[in-house]
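Let me begin by handing over the structure; questions about it come next.
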Amino acid sequence: MSTLVLAFLLSVRFAFALTVDEILVQIDKNLTYEARDSSLTMTVTKGTRTKSYKMRSFGRGQDEMAMEYLEPARDKGTKMLKKVDELWMYLPAIEKVQKLSGHLLRDDLMGSDMSYEDLMESSRWQKAYNGTIVAEELVEGRKAWKIEMIARDTSVSYPKRLIWVDQASFIPVRQELFALQGKLLKTWLMRDIRKIEGREFPMKMVVEDQVEKGSRTEITFDRVSFEVALPEEVFSTRWLER
């Protein structure tokens, strides 16, 4: 056996030495944080129409997230608050806080290719899915594990996910999200991975609707900080109306 073939076989053996659960734990370490303060731009493209939003987002752990829209002027002051399994939204036009539940969670997030439900499920893969490493592939030049994830029950939005996890950063650089019948619904890419304050973080995300062709959402983080002290009131419903 040649040295080259032996080296390849050893690298494959090492790559598969980690279990799916161990990989998901590492993903959580990068994408979950004690505190996060960020500014971001979300650009939504529908055919030839494009709309951009400026937002400020706060996060704490897996279960708390707050977001405020700064631009455009018509959406300024719109806020969202996620706490565990609950999601609230404040609409300044009607000066009302609305709790989103049931079918409302499946609505598009401000006309984007993400749903409110996507926000709720972003960090619960290990509990919601059974995963299997099915291959090792290159994604945009990065060596990645390809993992097939099948939902444990019908409570999740996507009964099947294929994810490609970058072996160097443990970031899911590509996802394919499927319906129960096997139809591909969305693709979700994480790009421009940078080392920020000791952790790997994707500064750009691209979500494309595979059913409505020409529908694309790009999120670019303009600023991210993890070493911040966030006031407790940011994660309370009182903050929404302030």
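Rule-based calculations on the coordinates, nothing more; no lab input. None of the values given here were measured: they were computed from a predicted structure. As a convention, Cβ positions derive from the backbone with ideal geometry for all residues, glycine included, and neighbour counts pool all protein chains shown.
Run down the aspartates and glutamates and flag those whose C-alpha is under 16 Å from the C-alpha of K83, throwing out any fewer than 8 positions away in its chain.
E34, D63, E64, E68, E117, D118, E121, E232, E233
Where in the range 203-242 does the amide nitrogen come within less than 19 Å of the point 7 Å from the Cα of K76, taken along Cα to Cβ?
Counting only backbone N, you get 240-242.
I would also like to ask the following. Just to confirm a number: summing +1 for Lys and Arg and -1 for Asp and Glu over residues other than I193 whose beta-carbon lies under 12 angstrom from that of I193, what do you get?
Its environment carries a net charge of +2.
Can you pull the one-decimal nm distance between simple spin-label points at E95 and D28, each 7 Å off the Cα toward Cβ?
The two pseudo-label positions are separated by 4.3 nm.
Sticking with this structure for a sec: For R223 and K54 in one chain, what is 0.36 nm times their gap in residues minus the Cα-Cα distance, to one decimal in nm?
Using 0.36 nm per residue and subtracting the Cα-Cα distance, I get 59.7 nm.
Let me ask something additional. Starting with the fewest neighbours, write out S169, S155 ranked by other beta-carbon atoms found within 10 Å of each beta-carbon.
If I rank by nearby Cβ atoms, fewest first, I get S155, S169.
Subtracting the Cα-Cα distance from 0.36 nm times the residue separation, let me have the gained length for A135 to I150 in nm, one decimal.
Between A135 and I150, full extension yields 3.8 nm more.
If each residue of separation counts as 0.36 nm, what is the full-extension length gain between S236 and K195 once their alpha-carbon separation is subtracted?
Answer, rounded to one decimal: 11.7 nm.
Within the range 202-242, name every residue whose backbone N is under 16 Å away from a label modeled 7 Å from Cα of A35 along the Cβ vector.
Hits in the range 202-242 for A35 at 16 Å: 224-236.
Would you calculate a helix-derived [θ] at 222 nm for the chain, using -39,500 (n - 2.57) for each DSSP H run of n ≥ 4 and dividing by the full residue count, to the nearest 500?
Mean residue ellipticity at 222 nm (helix-derived): -4500 deg cm²/dmol.
Explain nothing, just the number: relative contact order of the chain, from Cα pairs under 8 Å at least 6 residues apart, as a whole percent.
This gives 20 percent for the chain.
Which three extents, in angstrom, do the Cα atoms of the range 155-222 have along their principal axes, listed largest first?
So the extents along the principal axes, rounded to whole Å, are 41, 24, 20.
Structure shown: which of K79/K127; K51/K143; K54/K143; K46/K183 lie over 23 Å apart, alpha-carbon to alpha-carbon?
Beyond 23 Å: K79/K127; K51/K143; K54/K143.
Suppose each label sits 7 Å from its Cα in the direction of the beta carbon; what would the K46-K213 distance come out to in nanometres?
1.9 nm
Next up: For the range 37-82 and the range 153-177, compute the distance between their C-alpha centroids and round to whole Å.
Distance between centres, Cα-based: 23 Å.
I'd like the per residue volume of the convex hull spanned by the Cα atoms of the range 18-240, given in cubic angstrom.
Looking at the range 18-240, the number lands at 126 Å³ per residue.
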